[in-house]
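Colleague: This is the structure I want to talk about, given as structure tokens.
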Amino acid sequence: MSKNQELFARASKHIPGGVNSPVRAFGSVGGTPPFIERAEGAHVWDADGKKYIDYVGSWGPAILGHAHPAVVKAVQDAAVNGLSFGAPTKGEVELAELISQRLPSMEKVRLVSSGTEATMSAIRLARGYTGRNKIIKFEGCYHGHADSLLVKAGSGLLTFGNPTSAGVPEDFIRHTLVLDFNNLEAVQAAFAEHGSDIACIIVEPIAGNMNLIKPAPGFLEGLREICTAHDAVLIFDEVMTGFRAGPQGVQGLSGITPDLTTLAKVIGGGMPVGAFGGRADIMDCIAPLGNVYQAGTLSGNPVAVAAGLVTLKLLDNALFYDTLAAQTQKLALGLADLAKAQGLTFSTDYVGGMLGLYFSEQVPTTYAEVAASNIDQFKQFFHAMLDEGVYWAPSAFEASFTSGAHTDEVIQTTLEAAERAFKRLKN
Ligand code: KE4
């Protein structure tokens, strides 16, 4: 029995499914998940000492590469001054200022400790600001595990094929309208029927939780116009795409200005930080200023904030993003060429430091199209790559991530492994 297997058996005795977040259990790809002991740059090492090139990157935060010396030092320096005070600190002011400076749509920012907290709070704020109840989300988009959002969600819920979670009373989701991603007509119809009671639309402006799915031309523009016309709040959930799809996330790439944005992952640099923010007139409805309550013991935690500040400062470099995008493209196009050489039905898509791969002829544009791709071949590919020492995202419904540490040599090694993995695939 390997150490990974031993640990998984032990873990399963005291932790449901042996993991603290479902997607880590390899439920959709099978097998025993490696228990990671150490990470550095583009690599992770498991309990058996096996080294992998890592394309999970902690699901997005590790954009500089794991254990970046400056980030580790910032955490160490902050920790010796105390771990948490439950009082305001200068670092929180600096992080809020930095986020507002990088993302001008976020005139005001509230820090929290996870992406779920950020989206849950943004939804409550949109309802409190508008006095309306209904919210619109899109099938396959995942916004964390708050009750009203666990309806036909993506990520781990798709992985397990139960897109609507048990334990969520019908009453909690009857105000949640779920529409097809990229279907603007459905949004217009929903507003025609419920417009005066729709508080907000929440959308992953580039979806990363049903694999990587980009908005169709005009989709985001249409959401902006509809929300403006109906005084509804447009929320860009950029927890994954924020500072990863580009230096200003998708709102920077698209030029579309949301009313609220949610962030996490990169802004914590691997430590627990989330944030929601946007128009000051909306944000001023949040307690203690306004009557929409929201709070958190560890919100703005000084050690976590120190990691986030250094990470964002190191990302303030156009060359970083140009290189990140170029490396991601090199990987995606290299995989496509190798799959084609093996006669496989395969496609890829990419943006900034994130990419998707699909065992389908065309790049999918909806959750249904991803679900219709060859999931079994994905599983074979995943395990063949794991054997080759490449740790891809363990689900056909997840995007994968590159970092500043994914050099030409790392990409080349990955492609050589993929060539061997593709040859092993059986139809
Ligand atoms: P957290 O509560 O996991 O910090 O963030 C929830 C969330 C919200 N919005 C978007 C767009 C997200 O991608 C996420 C979390 N992403 C998943 C990865 N697909 C986290 C991995 C996990 O659940 O373990």
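The values are calculated or read from the model by the stated rules, or taken from the named source; none is laboratory data. Note that the coordinates shown come from a computational prediction; the quantities given were computed from them, not determined experimentally. Here the Cβ is made from the backbone with ideal geometry for all residues, glycine too, and neighbour counts use every protein chain on show. With ligands, DNA and RNA removed, areas are computed over all heavy atoms of the protein, side chains included. Shrake-Rupley method; radii C 1.70, N 1.55, O 1.52, S 1.80 Å.
Colleague: Quick one: grab the alpha carbon gyration tensor of the range 300-427, order the square roots of its eigenvalues as a ≥ b ≥ c, and give me rounded if a/c is under 1.5, else prolate or oblate depending on whether a/b is larger than b/c.
Modeller: Values: a/c = 2.06, a/b = 1.75, b/c = 1.18.
Taking the square roots of the gyration eigenvalues as a ≥ b ≥ c, the range 300-427 is prolate.
Colleague: Could you work out the Kirkwood radius for the range 134-231, taking every pair of different alpha carbons, averaging 1/r and inverting it, reported in Å? Provide the component values of the computation, followed by the final result.
Modeller: Values: mean 1/r = 0.0731 Å⁻¹.
Here the Kirkwood hydrodynamic radius works out to 13.7 Å.
Colleague: Short version: ³J(HN,Hα) in whole Hz for each residue of the range 232-238, in order, from phi by Karplus 6.51 cos²θ - 1.76 cosθ + 1.60 (θ = phi - 60°), x for Gly and Pro, what are they?
Modeller: 9, 8, 9, 10, 8, 7, 9
Colleague: Let me ask you something else. How big is D, in µm² s⁻¹, for the range 222-379 by Stokes-Einstein at 10 °C and 1.306 mPa s if Rh is the Kirkwood radius over C-alpha pairs? Before the final figure, lay out the partial values.
Modeller: Working: Rh = 18.4 Å.
It comes out at roughly 87 µm²/s.
Colleague: Could you compute how fast the chain diffuses translationally, taking Rh as the Kirkwood radius over C-alpha pairs and applying Stokes-Einstein at 25 °C with viscosity 0.890 mPa s? Give it in µm² per second.
Modeller: Details: Rh = 21.9 Å.
Translational diffusion coefficient: 112 µm²/s.
Colleague: Can I ask one more? I'd like the Karplus ³J(HN,Hα) series for the range 265-278: coefficients 6.51, -1.76, 1.60, θ = phi - 60°, whole numbers in Hz, and an x wherever there's a Gly or Pro.
Modeller: Along the range 265-278, the couplings run 6, 4, 5, x, x, x, 9, x, 9, x, 7, 10, x, x Hz.
Colleague: Please list the non-local residues whose amide H lies under 5 Å from the amide H of residue 177, H modeled 1.01 Å from N, same-chain partners needing a gap of 5 or more.
Modeller: Under 5 Å from the amide H of residue 177 lie the amide H atoms of 135, 136, 137, each far enough along the sequence or on another chain.
Colleague: Please give the direction-averaged projected area of the C-alpha convex hull for the range 331-389, in square nanometres with one decimal. Could you put the intermediate results ahead of the total?
Modeller: Numbers: hull surface 17.4 nm².
For the range 331-389, averaging the hull's shadow over all directions gives 4.3 nm².
Colleague: Let me ask something else about it. At 20 °C and 1.002 mPa s, what whole-number value in µm²/s does Stokes-Einstein give for the translational diffusion of the range 31-103, with Rh from the Kirkwood sum over Cα pairs? Walk me through the numbers on the way to the answer.
Modeller: On the way: Rh = 14.9 Å.
D, rounded to a whole number, is 144 µm²/s.
Colleague: Taking only complete DSSP H runs, can you tell me which helices of the chain stretch 20 Å or more along their own long axis by Cα positions and average at least -0.5 on the Kyte-Doolittle scale?
Modeller: Passing helices, by number: 115-130, 318-341.
Colleague: Under the rule of at least 5 residues apart or a separate chain, name every residue whose amide H is placed under 5 Å from the amide H of residue 108.
Modeller: Correct list: 278, 280.
Colleague: Can you give me the C-alpha center-to-center distance between the range 116-153 and the range 34-90, rounded to a whole angstrom?
Modeller: 29 Å
Colleague: Let me ask another. Could you give the semi-axes, largest first, of the ellipsoid that matches the range 69-314, computed as the square roots of 5 times the alpha carbon gyration tensor eigenvalues and rounded to whole Å?
Modeller: On the way: eigenvalues 175, 68, 64 Å².
Taking √(5λ) for each Cα gyration eigenvalue gives 30, 18, 18 Å.
Colleague: Under a 5 Å amide H to amide H cut-off, with H placed in plane at 1.01 Å, what residues pair with residue 64 once short-range neighbours are removed?
Modeller: Long-range HN contacts for residue 64: 404.
Colleague: Right, next: Hey, which of these cross-link pairs are over 26 Å Cα-Cα: 108/214; 51/73; 137/426; 137/379? Please list the in-between numbers first.
Modeller: On the way: 108/214 28 Å; 51/73 24 Å; 137/426 37 Å; 137/379 28 Å.
Going by Cα-Cα distance, 108/214; 137/426; 137/379 fall outside the 26 Å limit.
Colleague: Take every Cα-Cα distance within the range 365-427, group them into 5 Å bins from 0 onward, and report for each bin the whole-number percent of pairs it holds.
Modeller: Pairs per bin, as whole percents: 4, 16, 23, 24, 17, 11, 4, 0.
Colleague: Gaussian network model of the chain, Cα springs within a sub-10 Å range: biggest mean-square fluctuation belongs to which of 53, 201, 15?
Modeller: Result for the chain, Cα springs under 10 Å: 15 fluctuates most.
Colleague: Okay, moving on. Counting other Cβ atoms within 10 Å, which chymotrypsin sites (Phe, Trp or Tyr not before Pro) in the range 254-362 have at most 16 and lie in a DSSP loop?
Modeller: Taking the range 254-362 and a limit of 16 other Cβ atoms within 10 Å, the loop chymotrypsin sites (Phe, Trp or Tyr not before Pro) found are 293.
Colleague: Next question. Taking θ as phi - 60°, what are the ³J(HN,Hα) couplings along the range 281-291 by the Karplus curve (6.51, -1.76, 1.60), each to the nearest whole Hz, with x for Gly and Pro?
Modeller: Result, rounded to whole Hz: 5, 7, 4, 6, 7, 7, 4, x, 6, x, 9.
Colleague: Pairs of Cα atoms under 8 Å, at least six residues apart: use those to get the relative contact order of the range 69-314, whole percent. Walk me through the intermediate numbers first.
Modeller: Numbers: 480 pairs, mean separation 73.2, N = 246.
Relative contact order of the range 69-314: 30 percent.
Colleague: Using a 1.4 angstrom probe on the protein heavy atoms only, line up 367, 391 by accessible area, largest first. Can you show the working numbers first?
Modeller: Working: 367 50, 391 30 Å².
Per-residue accessible area, sorted high to low, gives 367, 391.
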